[in-house]
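Student: Shown below is the structure under consideration.
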Amino acid sequence: MANFETDAEILEWIAKHSEDEFRQYVERHTFGDRRLENARGYLERIDGQRAEMREERALLAMEQAAGAALDQAESARQALRISKWALGIAIASAFVAVAGLFGK
């Protein structure tokens, strides 16, 4: 029986059984000493790699959200600018209309 000296041996065992079963064997100390030690090392390495991938995906998602927020802020600034112009035009139109009423 192999001592899980290589990832290939571990992956072969997982392929025959499952990763969940592999994790259970490690948690319950079902494997022998050297085999258990190598299995733990493999799980720590794999879990670390998966955590890094999750962090990278989360970082990418945050960067995309930040970019979208910047775009949204710029759109809001443009809308505010247009609203101010519209308000100015409305006020000017009101003055012209009032002046027209009193000018007659």
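The values are calculated or read from the model by the stated rules, or taken from the named source; none is laboratory data. Computed from a predicted model, the values in this text were never measured in an experiment. Cβ: placed from backbone, ideal geometry, glycine included. Neighbour counts: every protein chain shown. Remember, those area values only see protein heavy atoms, side chains included, never the ligands or the DNA or RNA. Shrake-Rupley method; radii C 1.70, N 1.55, O 1.52, S 1.80 Å.
Student: Taking θ as phi - 60°, what are the ³J(HN,Hα) couplings along the stretch 14-26 by the Karplus curve (6.51, -1.76, 1.60), each to the nearest whole Hz, with x for Gly and Pro?
Tutor: Calculated HN-Hα couplings, in order: 5, 5, 6, 10, 5, 5, 4, 5, 4, 4, 5, 4, 5 Hz.
Student: Right, something else. Could you give me the ³J(HN,Hα) list for the stretch 59-67, computed from phi with Karplus coefficients 6.51, -1.76, 1.60 and θ = phi - 60°, whole Hz, x at Gly and Pro?
Tutor: Residue by residue, the stretch 59-67 yields 5, 4, 5, 5, 5, 5, 5, 5, x Hz.
Student: Output wanted: per-residue J couplings in Hz (rounded whole) for the stretch 41-54, from phi through Karplus 6.51 cos²θ - 1.76 cosθ + 1.60, θ = phi - 60°, x for Gly and Pro.
Tutor: Going residue by residue, I get x, 4, 5, 4, 5, 5, 4, x, 5, 5, 5, 4, 5, 4 Hz, with x marking Gly and Pro.
Student: When only Cα pairs under 8 Å and 6 or more residues apart are kept, what is the percent relative contact order across the stretch 1-66?
Tutor: Computed over the stretch 1-66, the figure is 32 percent.
Student: Once label points are set 7 Å from the Cα along Cα→Cβ at both Ile89 and Leu43, what is their separation, rounded to one decimal in nm?
Tutor: So the two model labels end up 6.8 nm from each other.
Student: Additional query: Using a probe of 1.4 angstrom, how much of the accessible area of the chain is carbon and sulfur, in percent?
Tutor: Using a 1.4 Å probe with all protein chains present, the chain comes out at 60 percent carbon and sulfur.
Student: Run the paramagnetic zone check for Lys16: 7 angstrom along Cα to Cβ, then residues of the stretch 26-46 with backbone nitrogen under 18 Å.
Tutor: 26, 30-40, by backbone N distance to the label point.
Student: Rounded to the nearest 10 Å², what accessible area does Arg45 have for a 1.4 Å probe in the complete protein model?
Tutor: 110
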